[in-house]
1. Could you go through the range 47-70 and let me know if any residue there is modelled with pLDDT of 80 or more and more than 30 Å from residue 112 (Cβ to Cβ).
2. Identify all residues within the range 16-37 that are in contact with a strand residue (DSSP E or B) (Cβ under 6 Å, 6 or more places away or on another chain) and loosely packed, with under 15 Cβ neighbours inside 10 Å; write none if there are none.
3. For residue 46, all conditions in the list (1) exposed (fewer than 14 other Cβ atoms within 10 Å of the Cβ); (2) assigned to a strand (DSSP E or B) hold save one; what is the number of the exception?
4. Can you confirm whether residue 88 is modelled with pLDDT of 95 or more, farther than 30 Å from residue 42 by Cα and not assigned by TED's automatic domain parsing to the domain that holds residue 26?
């Protein structure tokens, strides 16, 4: 049995805990291998922390074992888009027209999500008018850009966090 320290009370807890057995706090995990942390952002890498209960495997990930992205989330639009291999993001076509149909700065076929054979996710700008951005860097059209949990993908100025 592996143990970690609770970031709230500093007591030893089992590494597969969802809540601290001692103080009862709901636990958050850094998906980039930094274990249990307090707050909403990892103090070591600056990426958002994920609730332990939302992680596909509850053991705190090690550096070699990271959690896979599953959604693009925009709380302003109340949108939680499931990542689908080959999915097109666009105002007129694609898998998420219900979210992007009224977004004037999003092109008709703006970008595409794809998953590699090794399981990595990437996004490809489809020659959009206003651009696709990964962590504030504009993507080169038709060139895949790999993304991970905690990254920000923007379609012009419409930002989504990868969870």
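The values are calculated or read from the model by the stated rules, or taken from the named source; none is laboratory data. The shown structure was predicted, so the numbers you read here are calculated from the model rather than taken from an experiment. In this analysis, Cβ positions are derived from the backbone assuming ideal geometry, glycine residues included, and neighbour counts consider all displayed protein chains.
1. no
2. 19, 21, 26 - these are the residues of the range 16-37 that are in contact with a strand residue (DSSP E or B) (Cβ under 6 Å, 6 or more places away or on another chain) and loosely packed, with under 15 Cβ neighbours inside 10 Å.
3. (2)
4. yes
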